[in-house]
Amino acid sequence: MKKTVYSFLDRIGCGYAWRGIFERTSLPVLAYHRVAPWDPGSVLAPAMVVQPEDFARQMEYLARNYLALDGEGFAKALAQKKIPPRSALVTFDDAYEDNYRYAFPILKKFSVPAVVFVPTAFIETGKSFFWDEVDALISGCQIPKVRFDFNGQTWTFDLSSPSAKLEVILKICPLVKTFNENDGELFLNRLSSFVGVARISKAGGLLSWEQMRAMRAQGVAFGGHTHRHLNLARLSPAEIQQELRISTRILDEQLAQKTVLFAYPFGAETDIPAAAPAWLSAAGYQAAFSLSSGLMRPGDRPFLLRRIGIGGGDTEDIFRLKLSGILSFLAKLKNS
Ligand SMILES: [Zn+2]
């Protein structure tokens, strides 16, 4: 839909009315990844990274119009099956360092608590996410067209403009998330040689335990996001249970807490095995979030909770409409 349509819908109070009529008892759970000024060397940033000034406006709106719950308050509301009216929850996936540098001061300013989901194998190890590596390789490539072979398949990548590069990244990443760890590494090495850009380590790009402890002391809770951020749908039951066991133990020990909230890596319906809720429950979790779009409603299954993804391109009117739930409804209508 065109941006002007969103602006029109917002201006005539569509979101406000929608929420008042259809979503009075629903709770928007916002899903962020990164908050930082856009890196000019990344074509992915404008899609994925919310700029600090936009985030500040969003949190100001949220603080004025919603009761922002903290992790504990949310878990309690869920256990009692009683969502406080007009409440919301702010979440971040992947524990990027910019959550501390840029988001945390803004959260404190507007007294908005949050929950950050941490893939523990990446903390203080210098390990980087494959999508950031793909972004660095494709964004840094100077060749306008690249032929690429991997596992018997051949692709031709148009890398002649930032938007073409973004399209390639959005095509590659869903593929890489289906690979096992070894194939993922092989793929990145091969891509690096094809595009003529060296693989870089983004060491230091994620939160340290010390930063997490400082955030935890001031309203930010931390939840599980597995250990290695692999696609659970591709792992064996034993591997999934091990991922949960290791990551939960590390979080509990490092942050002196009992970890009860979880977010699925990648988070699409196809990334969540049917037995995952049972394993999470057995590992001591109380709730788990997907990235399926929609407001959380009373009676929703606690291990398949929906969220609303907020990206770098979301203008103020889109943010307000997303929060009201009307945009997920319209998207579902369009896809049905
Ligand atoms: Zn993630």
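Some points to look at:
- One residue alone among 280, 188 is at pLDDT below 95 and away from the ligand (no atom under 15 Å from the Cβ), and that residue is 188.
- Summed over region 300-336, residues that are in contact (Cβ under 8 Å) with a residue 60 or more places away in the chain and assigned to a loop (DSSP other than H, G, I, E, B) total 8.
- Any chance residue 245 is touching a residue at least 12 places away in the same chain (Cβ under 8 Å), away from the ligand (no atom under 16 Å from the Cβ) and among the basic types (Lys, Arg): yes
- Among the residues of region 85-110, the one identified as touching a Ser or Thr at 6+ places or on another chain (Cβ under 8 Å) and either away from the ligand (no atom under 16 Å from the Cβ) or within 20 Å of residue 319 (Cα to Cα) (or both) is 85.
- For region 251-274, filtered to residues that are in contact (Cβ under 8 Å) with a residue 40 or more places away in the chain and away from the ligand (no atom under 16 Å from the Cβ), the residue that is farthest from residue 287 (Cα to Cα) is 254.
So that you can scan it fast, the table gives a plain yes or no per residue for (1) surrounded by 17 or more Cβ atoms within 10 Å (Cβ to Cβ); (2) among the β-branched types (Val, Ile, Thr); (3) closer than 17 Å to residue 112 by Cα; (4) within 16 Å of the ligand (Cβ to nearest atom):
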{"position": "35", "(1), (2), (3), (4)": "yes, yes, yes, yes"}
{"position": "44", "(1), (2), (3), (4)": "yes, no, no, yes"}
{"position": "55", "(1), (2), (3), (4)": "yes, no, yes, no"}
{"position": "60", "(1), (2), (3), (4)": "no, no, yes, no"}
{"position": "64", "(1), (2), (3), (4)": "no, no, yes, no"}
{"position": "70", "(1), (2), (3), (4)": "yes, no, yes, no"}
{"position": "75", "(1), (2), (3), (4)": "yes, no, yes, no"}
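- Check on residue 164, at pLDDT 95 or above and within 19 Å of residue 136 (Cα to Cα): yes
- The residues in region 111-161 that are more than 16 Å from the ligand (Cβ to nearest atom) and not in a loop (DSSP other than H, G, I, E, B) can be counted, and the count is 16.
- All positions within region 180-197 that are surrounded by fewer than 16 Cβ atoms within 10 Å (Cβ to Cβ) and assigned to a helix (DSSP H, G or I): 181, 182, 183, 185, 186, 189, 190, 193
- Residue 243 being farther than 29 Å from residue 67 by Cα, surrounded by fewer than 21 Cβ atoms within 10 Å (Cβ to Cβ) and either at pLDDT 95 or above or in contact with a Lys or Arg (Cβ under 6 Å, 6 or more places away or on another chain) (or both): no
- Residues of region 198-249 classified as more than 22 Å from the chain's Cα centre (by Cα), within 23 Å of residue 286 (Cβ to Cβ) and assigned to a loop (DSSP other than H, G, I, E, B), total: 1
The values are calculated or read from the model by the stated rules, or taken from the named source; none is laboratory data. Since this is a predicted model, take the numbers as computed values, not measurements. Glycine also receives a Cβ, built like all others from the backbone with ideal geometry; neighbour counts cover every protein chain displayed.
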